[in-house]
Amino acid sequence: MIQDANDAPARSRQAPRVRPIDISGLRVGTLTLQETKRRLRQTLFALRESYPQIPADAKKLDTIVDRLANVALDAVSATDVSMAILFRRLQGLRINGMGQANRLWPQLFSLPLERGQAENSVSVATTSRADLSKFLRVLWSTHFAGTRGRLEWIIAAIAAWRPRSLRELHRRIERVEASFPDFDAFEKVYAPVFVFETPAATGPSEPASPDWTLLWQYEGASGYGGDYPADVKDFLGTFLCRVRDLDPRARILDIGTGSYAAILLAREVSTEFELIGIDIADIPAPPEVARIQSFKMSAESLGFPNEAFTAVMSVNGIEYADVDRAFPEMRRVMQPGARAALVLHRPDSLIVARARKFIEFLDSTLLMETLALSWLYLDGGSEAIERELVGQLLELKKRKVDKQFVRYFSRVMQGIPEAMQKLHSAPADAYALIQRFETDLRWTYERDRFLISHMSRIPTDRQDMLKWLGTYGFAVDAVQEVFLDSDHSVPPVGWAVQLRKPVATGRSQ
Ligand SMILES: C[S@@+](CC[C@H](N)C(=O)[O-])C[C@H]1O[C@@H](n2cnc3c(N)ncnc32)[C@H](O)[C@@H]1O
């Protein structure tokens, strides 16, 4: 990519779009040089309106056309013909007097993969790391010979991130190989090669919900680290005491119960409560405290009869579901007059701000790619990879890391050399170590992307919040902000709301 600061805005201003000339026929003789020049002349002429530097004079235009066509001909005549080489040559071509129009040259030609190169495709999401790596090595050595120096990094970037669209894949490659052809050129050549699990999104769509089971497999604690902040504890405690005063044997549902933190708090308030936790994830069995049941179930589809519960609670659980389905479900299983206590994140909450920073952190450190590179090393990698890896670790060490991410960072920084050392004595442990870091980092990344996007629907204004909850047919008893600690100069963790299902609403259940 051109690293020129003015490049991006100029590119988006460019109109009309250039339709590149497919010059693969030049090599095999199905396209003549003369015909190439004719098409080039036509293309350039059409671009004159946006690029007045392109001469109208036929002779002058022909001089430019000749130079461009010669670069194309040279590129296709080379034995190591590749789009990357052609792109670089055109990128480096400066024709006097052409000013801004010089930026057009890399867009004028395309060199699609030939049969045999394109007939194999690779599924980016599902192909094993070893096969992905083999495939990319063949593809790059035949077609992208010009970028071989960074091939290991390119493989690492794709293997680490398993991008979900061609655009994302290209963005990941660009981060490790800055002089890569731009997306348009890349797409023309490589679109048939990479297969994605879901069709590439055409517009912005919400990231998929993460696999929550991994949270409880690896972390064993929610984002609060096992113990709720005082605000949350007070809010839940007050709510539960009120429920107990009305009915000490109340039947209480906890939605998105995780490691039962809210349920255990309820047990402290009344030993007689009947406590039921549901979660979409495979969570640990409930602790051995009397009368706790747990079910694997989604908040959007609760497997309980209507009006089954005296009270409901959810601490940062229900808002991860599709609330348009989960709130009506919650209302359905509440008895008329039943109460609910919810702690909900919101788009401006501390947790979402932290998620944004984490995404920025991971996107800017090459930490994931470094882990993938260590895989390549463990998998019979060369001394060259080892050198890259050691060099990269030194680079990373120089980085200033936000204190909230030091934990991730130092674990990985210590873990990679540890894994490299273990390679001969305990290879399985070495792999497991790297795998663990990767899963952990990717999971957090996906959870955070989902969090940022998903929480955007929760109102940040109190009045809007009241109105929003009302639209689901709840009576709202209280809406307050809860904070992580006594420092209220930082954003809250979110809302704490108390709701009731009205006794006679006239609404259908
Ligand atoms: C941030 S954790 C909170 C866990 C627990 N409430 C606590 O306070 O520690 C979010 C929980 O919601 C669960 N969850 C996410 N989406 C869900 C859904 N659609 N239905 C039910 N549970 C869901 C997750 O599996 C996870 O256990």
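A few remarks follow.
- Annotation: R407 fulfils all but one of (1) modelled with pLDDT of 90 or more; (2) surrounded by fewer than 12 Cβ atoms within 10 Å (Cβ to Cβ); (3) not acidic (D, E); the unmet one is (1).
- Checked against the criterion of being touching a Lys or Arg at 6+ places or on another chain (Cβ under 8 Å), away from the ligand (no atom under 13 Å from the Cβ) and of a type outside the set (D, E), segment 294-303 contains not a single residue that satisfies it.
- Those residues of segment 305-330 which are more than 13 Å from the ligand (Cβ to nearest atom) and within 16 Å of D254 (Cβ to Cβ), in sequence order: A308, F309, T310, A311
- Of the residues screened, Q463 is one that is surrounded by fewer than 15 Cβ atoms within 10 Å (Cβ to Cβ) and over 25 Å from L246 (Cβ atoms).
- Among the residues of this structure, V490 counts as one that is assigned to a loop (DSSP other than H, G, I, E, B) and either more than 28 Å from Q217 (Cα to Cα) or not charged (D, E, K, R) (or both).
- Qualifying residues in segment 189-213 (those that are assigned by TED's automatic domain parsing to the domain that holds S165 and assigned to a helix (DSSP H, G or I)) - the one modelled with the highest pLDDT: Y190
- Residue in segment 217-232 that is within 15 Å of the ligand (Cβ to nearest atom), among the hydrophobic types (A, V, I, L, M, F, W, C) and at pLDDT 75 or above present: yes
- Against the list (1) at pLDDT 95 or above; (2) assigned to a loop (DSSP other than H, G, I, E, B); (3) of a type in the set (G, A, S), the condition S294 fails is (2).
- Among (1) in a strand (DSSP E or B); (2) farther than 21 Å from R267 by Cα - the single one E329 does not satisfy: (1)
- Restricting attention to segment 358-379 and to residues that are of a type in the set (S, T, Y) and surrounded by 22 or more Cβ atoms within 10 Å (Cβ to Cβ), the residue that is farthest from the ligand (Cβ to nearest atom) turns out to be Y377.
- Unique residue being of a type in the set (K, R) and free of Cβ contacts under 8 Å to residues at least 12 places away in the same chain when the list is K397, K403: K403
- For A338, the conditions (1) buried (at least 16 other Cβ atoms within 10 Å of the Cβ); (2) outside the structural domain of C241 (by TED's automatic domain parsing); (3) away from the ligand (no atom under 15 Å from the Cβ) all hold with the exception of (2).
- Within segment 293-306, the set of residues being of a type in the set (D, E, K, R) and crowded, with 16+ Cβ neighbours inside 10 Å comprises E300 only.
- In segment 334-347, the residues that are of a type in the set (V, I, T) reach residues that are part of a loop (DSSP other than H, G, I, E, B) with C-beta atoms within less than 6 angstrom, at least six apart or across chains, in these pairs: V343/N316.
- Just one residue in the set G116, G97 is at pLDDT below 85 and not in a helix (DSSP H, G or I); that residue is G116.
Listed here are the residues, each with its yes/no results for (1) of a type in the set (D, E); (2) modelled with pLDDT of 95 or more.
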residue	(1), (2)
E288	yes, no
F304	no, yes
E307	yes, yes
L373	no, no
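- Residue identified as within 21 Å of the chain's Cα centre (by Cα) and touching a residue at least 40 places away in the same chain (Cβ under 8 Å) among T370, T460: T370
Rundown of residues vs (1) under 21 Å from the mean Cα position of the chain (by Cα); (2) within 30 Å of R242 (Cα to Cα); (3) not in a helix (DSSP H, G or I); (4) not assigned by TED's automatic domain parsing to the domain that holds R356, yes/no style:
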| position | (1), (2), (3), (4) |
| --- | --- |
| Q404 | yes, no, no, no |
| I416 | no, no, no, no |
| L423 | no, no, no, no |
| A432 | no, no, no, no |
| W443 | yes, no, no, no |
| D448 | yes, no, no, no |
| D477 | no, yes, yes, yes |
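- Test: residue in segment 419-435 that is crowded, with 19+ Cβ neighbours inside 10 Å, touching a helix residue (DSSP H, G or I) at 6+ places or on another chain (Cβ under 7 Å) and of a type in the set (F, W, Y): no
- Residue check, A355 in the same structural domain as V482 (by TED's automatic domain parsing), closer than 30 Å to A262 by Cα and either surrounded by 15 or more Cβ atoms within 10 Å (Cβ to Cβ) or touching a helix residue (DSSP H, G or I) at 6+ places or on another chain (Cβ under 7 Å) (or both): no
- Screening E174, E152 for residues that are modelled with pLDDT of 85 or more, closer than 30 Å to R103 by Cβ and away from the ligand (no atom under 16 Å from the Cβ) leaves exactly one candidate, E174.
- Selection from segment 262-288 of residues that are near the ligand (Cβ under 8 Å from one of its atoms) and surrounded by 22 or more Cβ atoms within 10 Å (Cβ to Cβ): A262, I278, D279, I283
- Residue identified as more than 22 Å from A157 (Cβ to Cβ) and modelled with pLDDT of 95 or more among F474, F483: F474
- Options R291, R242, R251: the member that is more than 15 Å from the ligand (Cβ to nearest atom), assigned by TED's automatic domain parsing to the domain that holds D227, free of Cβ contacts under 8 Å to residues at least 60 places away in the same chain and among the charged types (D, E, K, R): R291
The values are calculated or read from the model by the stated rules, or taken from the named source; none is laboratory data. If you're wondering where the values come from, they're calculated on a predicted model, not measured in any experiment. Don't worry about glycine lacking a Cβ; one is built from the backbone with ideal geometry, like all the others, and counts go over all protein chains shown.
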